[in-house]
Structure formats: structure tokens, C-alpha cells
Amino acid sequence: MRNRLLETGRAFVRRADEIMTRLRLPLGAGLALLLAALTLLMNVGGGPLGNLNDIGGWRNRLLFLLMATGVQAALLLGCTLLHRGSFSRLALRQVILTAGLLIALMPINQKSYVYVEQIQPVVRLMDEGGLAAGLAAETTLSAPALTLLYALTRMPVYDMYMVKLLAVGSFLLTALLAMRAADRRGWGIRTEVLLTLLMILPQAFLNAGCAPQIETLAVLLLALSATALDGERPHPLVSALCFGGAVAVSGVALYALPLYGLLIAKKRMKGRHLAAAGLLVLVCLLPAVCAGMAPGAALSSLVRASFSLPAYAAGSPSLLSIFPRANPLETPDAFMLKQMESIDLGSNGQYFYTQVHFERLLRGMSIAALAAYAGLCALGVRKKGISPLRRALTLTLAALACCPAASMGAWLALDVLCVMAIVREPELRLPACLLLFATAGASCYPLTEEILLPVAAAWALCVVSLCMLYDVIPMGRAAARKEAP
């Protein structure tokens with residue numbers, strides 16, 4: 001009798017799921033709006049957004065709550081449109097995305113060194129002198145990124161909240177695109193595992209929620225570019241335009257240029273598509289030029305992130321980060337030293353190693369890093385018999401390890417690929433875990449701004465992982481699983 005009841009119950013659940021799957025789109029949209037409404041109600045009196053400092057009254061608080069729930073609703077509706085399976089799995093994915101958004105918004109009030117010392121001064125200059133004042137500031141941000149920052153912070157809501165919402169939304173959309181790529185390759189239940197792991201990724205919590213970085217938007221645009229070429233009907237023009245937008249936001253995206261050259265060589269993209277991407281970059285520079293910035297300076301700002309002095313607070317395990325700074329204000333102990341008024345930071349630099357020496361070293365190492373990346377690209381492209389996921393992981397790691405000033409926001413692209421490799425390809429789990437440990441340990445934590453792992457040690461782990469991916473260090477002889485093109 002008991003077994004019969006269980007079988008009847010299971011049959012009823014299967015039948016109900018089949019009926020709801022036929023109505024997947026309207027039911028999914030309704031569930032998305034319901035979850036967004038519940039999130040809004042939860043954050044009115046509590047939740048991550050229940051205690052917003054510097055928000056400027058209830059009117060601004062309600063406006064930001066509507067913005068946050070709007071981002072959530074857009075994410076969940078996008079998940080509904082991309083989903084092709086049963087309604088029960090769709091509901092599970094929407095719940096996972098909602099939980100991920102709430103986790104990422106938990107540190108909404110925490111001010112990090114990255115924001116207070118690097119972004120907020122530029123925003124305050126813009127408050128006083130407009131966009132032209134921000135463009136004249138010393139920063140590693142490109143002219144289009146500064147224009148975006150200016151537009152984002154003109155709203156009545158506190159500027160830090162807006163930048164954090166942009167970073168969090170960009171990462172969650174990137175995770176959604178990773179979910180779509182897994183679905184297209186038939187990963188099954190591993191897709192939900194991938195989405196869950198991305199939602200609890202410490203690097204996303206630290207570098208999107210705690211220390212918001214505009215480079216997360218460049219990561220999203222690169223993911224959109226790859227998605228546009230994925231599938232039976234690729235859209236090369238859309239892919240090229242997304243790449244152009246990523247280049248405008250951050251010069252780190254320029255390191256993906258060899259891959260687009262390879263796509264042109266394989267006739268998956270044409271030269272005119274890449275020319276359209278360049279035209280889009282020039283269009284993105286127009287607001288800065290109209291604000292008074294010289295055209296040459298606006299164009300050169302695109303490579304600031306690739307060849308400028310890397311900020312310590314980026315916590316990036318790149319090649320140049322392993323060299324010690326001569327300026328005490330740029331050392332790992334800078335935050336704690338500032339609390340000790342008896343220490344004169346201006347006169348405690350190293351006598352034998354000055355900032356001039358460091359800047360000279362920077363120029364030489366930038367050229368060496370670019371040459372190293374060119375060689376690694378040639379090796380990665382010519383390597384045969386490896387899966388597309390491994391090739392993407394290898395070339396992304398090579399680019400970020402060689403780019404001087406790639407912030408941890410840009411390294412989120414590598415973190416997403418590492419999680420995908422752990423879920424899908426067992427032979428890549430060791431290098432992927434090493435990379436996740438390196439990027440999590442090198443990320444700056446809020447309040448004290450300490451890092452758990454010295455940047456030099458994190459860079460060494462990245463080099464070891466790169467050697468594994470290039471088979472310099474053997475990882476085992478399991479055959480690489482080839483995904484569908």
C-alpha cells in the first residue's frame with residue numbers, strides 16, 4: 001500500500017511537471033516577478049539592503065531597492081528565456097540566482113580601499129568639475145570607463161551603491177551565460193552545480209560586492225562576445241561589437257585581440273567585423289573628446305590598464321605585482337601604517353630602491369610581459385588535441401598573468417572558467433583549484449585590506465598552473481574531452 005502511494009505521488013509530480021514545462025515561459029516569468037517582489041519586501045525592513053548608509057532618505061532608498069529588484073527580475077527573466085529543460089529545474093535555477101544576488105549584496109555598506117582610494121576621489125572631482133575634471137585625474141581607467149562612471153554616479157543614490165550594483169549585476173549575467181554554455185553542451189545536472197558554485201565564489205563576493213570594479217563589465221562583454229559565436233547560428237558582428245565595448249571599458253580586453261585574429265584566419269569572422277568593433281571604440285571616445293579631452297589622450301587611455309602602474313589594491317597576481325614597491329603607501333602594510341601617526345611615511349622609503357627605479361623596471365617588464373604573452377599565445381593556438389575549455393583557460397591565464405595592471409575584476413573571467421573546468425573536465429581540476437586558491441588568497445579583504453596570500457606566491461601558483469596547462473608539468477594522461485564547437 002505504501003509503495004503504491006509513493007508511485008502514485010511520483011506519477012502525479014511527473015505529470016504536473018510535464019504540464020508546467022509546456023507553460024514554461026509564462027510560469028517562469030511569473031515566478032521571476034514573484035521572487036523579485038519577495039526580495040523587495042524582504043529588504044524593506046531587513047535583509048542585505050535593510051540598512052543602507054548615506055542613502056539620502058527613504059525616497060532614495062526605495063529607488064535603489066527598485067533598481068536592485070529590477071536587476072534581479074532581468075536576470076531571472078533571462079534565465080527563463082535561455083532555459084530549455086523542465087520547469088522544476090528552471091525554478092531551481094531562479095532560486096539559486098536569487099540567493100547569489102542576496103549573497104553578493106551583503107557587503108553593500110562596506111567601503112574598500114579600492115573604492116575609497118581609487119574610485120571615490122575621481123567621483124568627487126566629477127562632482128565638483130564635471131566629466132572634464134574626472135578625465136584629467138590620474139587613474140588607470142579608460143576614457144569610456146570614466147564616462148560610464150560619471151553617468152552612473154549622477155543619480156541621487158550614493159555612488160558606491162550604484163557601482164556595486166553594476167559590478168554584481170555584471171558578474172551574475174556572466175554566470176548566466178556560463179549556464180547557457182553548459183546547457184548547449186548537455187552537462188545535465190552539472191549545470192546547476194556550476195551555477196551554485198559561481199554564486200558562492202569568494203572572488204565574486206570580494207571583487208564585485210566588497211570592492212566594486214568596472215572591469216567586471218568588460219568580463220561580461222567578453223562573455224557576450226563568446227556567446228554570440230557559440231551555437232549553430234553564430235553572429236560575428238554582434239560578437240565583434242561586444243569585443244569593442246569590452247576594449248572601451250578596459251584595456252585588458254586588448255589581450256583577446258589575437259583570438260579574434262585567429263577567428264578571422266578560420267573564417268569564423270571577417271575583417272570588417274573587427275573594423276566595426278574599432279569604430280564602436282571610437283564612438284565610445286566621443287563623449288570624452290567633447291568634454292575637452294585631447295583625441296590622442298583619449299585614445300591612449302585605452303591602454304592604461306595594460307601598460308600603466310598597477311595599483312596594489314587590485315591584488316592581482318600579475319608579473320609586475322611580484323616586485324616590491326619603493327613607496328611605503330603602495331606596500332601591503334599601507335593601510336595599517338596609516339593608522340600610526342608617529343610614522344612618517346614620506347621619509348621611510350628604501351634608500352637604495354626608489355620609485356624612479358620601480359618605474360624604470362615597469363617599462364622594461366611591460367615589454368617583456370607583452371613578448372611573453374605573444375609567445376604563450378602562439379604555443380596555445382598551435383597546441384592540438386585539447387578541448388576548447390582548456391584552450392580558453394590557458395590563453396586567459398596567459399593574458400592575465402602578463403597584463404601589468406589587470407585588476408581582480410578582470411580575473412573573474414579566469415575564475416568562471418576554472419569553475420567550469422572543475423565541474424566538467426577532471427584532468428583540469430588540479431590547475432583550476434590552484435588558480436582559484438591563488439586569486440582568492442590574493443584578493444584584498446575589506447576593513448583591514450589584508451591579503452591572505454602574498455602576491456608573489458599567488459603569481460608562482462599561476463605559473464605552476466600555466467605549466468600544467470602547457471604540459472610542461474604532467475597532469476596525467478587522461479584524454480581531453482572535446483566539446484562540440
Open item on the list: Placing unit charges on C-beta atoms (Lys and Arg positive, Asp and Glu negative, everything else neutral), compute the dipole magnitude of the range 31-137 about its Cα centre in debye, rounded to 20.
Closed with: 460 debye
Open item on the list: How large is the translational diffusion coefficient of the range 360-426 in µm² per second when you combine the Kirkwood radius over alpha carbon pairs with Stokes-Einstein at 20 °C and 1.002 mPa s?
Closed with: 165 µm²/s
Open item on the list: Quick check for me: using +1 on Lys/Arg Cβ and -1 on Asp/Glu Cβ, what's the dipole size of the range 144-290 about its Cα centre, in debye to the nearest 20?
Closed with: 520 debye
TODO: Return the whole-Å distance between the Cα centroid of the range 402-428 and the Cα centroid of the range 224-289.
DONE: 21 Å
- [ ] State, to one decimal in nm, how far the label point of Ser86 lies from the label point of Arg154, with both points 7 Å from Cα in the Cβ direction.
- [x] 5.0 nm
- [ ] Taking the Cα centre of the range 1-70 as origin, sum charge times position over the Cβ atoms of Lys and Arg (+1) and Asp and Glu (-1), and report the length of that vector in debye to the nearest 20.
- [x] 360 debye
TODO: Provide the FRET efficiency to the nearest 0.05 for the Ala368-Asn3 pair, computing r from the beta carbons and using R0 = 60 Å.
DONE: 0.30
TODO: Can you check what the Kirkwood hydrodynamic radius comes to for the range 56-156, Cα pairs only, in Å to one decimal?
DONE: 16.4 Å
- [ ] Report the extension gain between Arg268 and Arg15 in nm, rounded to one decimal, defined as 0.36 nm multiplied by the number of residues separating them, less their alpha carbon distance.
- [x] 86.7 nm
- [ ] Within the set of other residues whose C-beta is less than 14 Å from the C-beta of Ala32, count the net charge using Lys and Arg as +1 and Asp and Glu as -1.
- [x] +2
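Can you tell me, using C-alpha contacts under 8 Å and at least 6 residues apart, the relative contact order of the range 201-266 as a whole percent? Before the final figure, lay out the partial values.
Details: 44 pairs, mean separation 18.7, N = 66.
Dividing the mean separation by the residue count of the range 201-266 yields 28 percent.
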TODO: With unit charges on the beta carbon (Lys/Arg positive, Asp/Glu negative), name the residue among Thr39, Leu23, Val13 whose Cα is farthest towards the positive pole of the charge dipole of the range 1-54.
DONE: Val13
Task: Pair Tyr470, Arg233: separation of 7 Å Cα→Cβ label points (nm) - done: 4.1 nm
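Quick one, can you get me the convex hull of the C-alpha atoms of the range 106-260 expressed as volume per residue in Å³? Mind showing how you got there, number by number?
Values: hull volume 18.8 nm³, N = 155.
For the range 106-260, the hull spanned by Cα atoms encloses 121 Å³ per residue.
None of the figures in this text is laboratory data; all of them are computed from the coordinates on show. Predicted, not measured: the structure shown is a model, and the values here were computed from it. We place every Cβ from the backbone using ideal geometry, glycine too, and count neighbours over all the protein chains shown.
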